[in-house]
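In what follows, a single structure is set out as structure tokens and then discussed.
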Amino acid sequence: MKLPAEFEKRMQEMLGAEYDVFRAVYEAPHKRGIRLNTLKCTAETLAGTLAFPLENSPFSPLSYYAPVDLKMSALPLYHAGAFYSQEPSASSAVTLLDPQPGDKILDLCAAPGGKSTQIAALTGDTGLLWSNEVVRSRASILASNLERMGVRNAVVSSVYPDQLAEKLTGYFDKILVDAPCSGEGMFRRDEIAVTEWSPEHVETCAVRQLAILDSAAHCLREDGILVYSTCTFSMEENEGVVLKFLEAHPEFVLEKPHTTFGRPAYGVDAVRIFPMDGGEGHFAARFRRIGVNSCTAETYFHKPDKQTDASAQALYKELFTDKPGRFVRIKDRILMLPEEMPEISGLGVVRAGVEFGEVKKNRIEPAHGIFMAAKSETCRSVMELTHDDPRVHAFLRGEEIEAEDCKGYTAVSVEGVITGFGKASGGVLKNKYPKGLRIHI
Ligand code: SAM
């Protein structure tokens, strides 16, 4: 594989005697991985449907290696949100962040959502996950991935980080900045990253990374954790950014990463992963905010609309056995909001919580999102299918399928993992799988 000469020179200087091993890796296939979504599935269930053994990667207990030629989209459990396609070393940053149940977490550069969905799994979808992506079209993909993975307690926004910093000062317990970078760790699987690489691009990225970290610093509460990560190897974008950030922010200290993967970074307490370390390449540093930061965020004011609330509660009870959250109507859409959330106005919010339904002719038609976030055992009517049942692919293609013994709105479950719903009547399930998600195999 051809690499930019200047990049090769820099890597030679960085790696010394190990450079030949590094260079040889570029002649071998790249590493692929899948990350288990524990909100919807167990490792045993997933393993039972795969044609290859699940081998853990060292970067997260939820990360596994996958064959390089695996066609994820052919697997029903992929569409059901049982797992996410994630390069193994990309799961390392969230391991450093260490999300815990109840945490309020900001993922500042979040699309397409690999790390956001990993965070949601680790908090058990409790607390609040705020996922921001500045590019609007990418924010829609992020929202769609969070929906597929069954996440309820998330807000998706699309603004520049400084806009969040202004209104959400001191709000978050933990923040992830998985920064846009020169992508040197992507070279084996993305030729565009190779052609776009230049020393100037590396420099531009480093400047932007520092600006994003400045905004993140504002949003973090005292004693909160900030993780900075990239998928590149350059010193400027990694150790260089860490040192400049610490210089500009004496209210932060670097914490030694107590990880068992990768290797120590150069001259700072952070972790580096090279392709020789079992993944494509990542850098991650963990900071703690030791300086005071008063929270200025206002709490979201929810003015209940009694009629919407009563109809949504009644429909929820008809569909599920667990307790609903609070509902809000925005035009004809009804959302079920996160357990807690700050005021969202003026923050480019694309989605808050999960889609519950749409008002049509004074009735609420349930939405795909609320079923994706449901557990099979809490659905009042559910069709339980095995992954190799031909009805699963037919359902994902948008076809009507046979549905004996079911009546009304019915969840479709694959190996116990909900992948959508339909409306059953007369032994047939009318398909409600969204048109944009339907598969063509
Ligand atoms: N964390 C994501 C994941 O795991 O799926 C990957 C994030 S990617 C490395 C970096 C993201 O930062 C991109 O989606 C990019 O659009 C976004 N970005 C670009 N410029 C930005 C800026 N100035 N501020 C914040 N984010 C930006």
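Listing for the model above:
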quantity: Top of Thr195, Thr38, Thr232 by mean-square fluctuation, Gaussian network on the chain, Cα under 10 Å; calculated: Thr195
quantity: With DNA, RNA and ligands ignored, accessible area of Tyr65 (1.4 Å probe; Å², nearest 10); calculated: 40 Å²
quantity: Per residue accessible area of the range 92-209, 1.4 Å probe, in Å²; calculated: 33 Å²
quantity: Those lysines that a straight Cα-Cα span of less than 24 Å connects to Lys115, excepting residues fewer than 8 apart in one chain; calculated: Lys31, Lys40, Lys71, Lys104, Lys167, Lys174, Lys256, Lys375
quantity: Extension gain (nm, one decimal) between Ala248 and Arg326, 0.36 nm per residue minus Cα-Cα; calculated: 23.9 nm
quantity: For the chain: rounded, prolate or oblate by the Cα gyration tensor [a/c cutoff 1.5]; calculated: oblate
quantity: Aspartates and glutamates with Cα under 20 Å of Lys9, excluding same-chain neighbours fewer than 8 positions away; calculated: Glu18, Asp20, Glu27, Glu184, Glu191, Glu196, Glu200, Glu203, Glu236, Glu237, Glu239, Glu280
quantity: Listed residue pairs exceeding 23 Å between alpha carbons, taken from Lys317/Lys423; Lys303/Lys331; Lys360/Lys423; Lys360/Lys407; Lys323/Lys361; calculated: Lys323/Lys361
quantity: Degrees between helix 306-319 axis and first principal axis of the chain (Cα, 0 to 90, nearest 10); calculated: 90 degrees
quantity: The range 9-82 versus the range 179-254: alpha-carbon centroid distance in Å; calculated: 24 Å
quantity: Portion, in percent, of the accessible area of the range 177-244 that falls on carbon or sulfur, probe 1.4 Å; calculated: 55 percent
quantity: FRET E, pair Asp405, Ser137, Förster distance 56 Å, beta-carbon r, rounded to 0.05; calculated: 0.85
quantity: Rounded tilt (10° steps) of 114-123 against the dominant C-alpha axis of the chain; calculated: 70 degrees
quantity: Percent accessible area from carbon and sulfur atoms, the range 262-395, protein chains only, probe 1.4 Å; calculated: 50 percent
quantity: Between 0 and 90°, nearest 10: helix 239-248 axis offset from the chain longest Cα axis; calculated: 90 degrees
quantity: Accessible surface, the range 282-441, averaged per residue in Å² (probe 1.4 Å); calculated: 51 Å²
quantity: Under DSSP loop assignment and at most 16 Cβ neighbours within 10 Å, longest trypsin sites (Lys or Arg not before Pro)-free interval of the chain; calculated: 190-325
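The values are calculated or read from the model by the stated rules, or taken from the named source; none is laboratory data. The model shown is predicted, which means the values in this text are computed figures rather than measured ones. Positions of Cβ are generated from backbone atoms using ideal geometry, with glycine treated the same way; all protein chains shown enter the neighbour counts. Quick note on the areas: whole protein, heavy atoms, side chains included, nothing else; ligands and nucleic acids left out. Shrake-Rupley method; radii C 1.70, N 1.55, O 1.52, S 1.80 Å.
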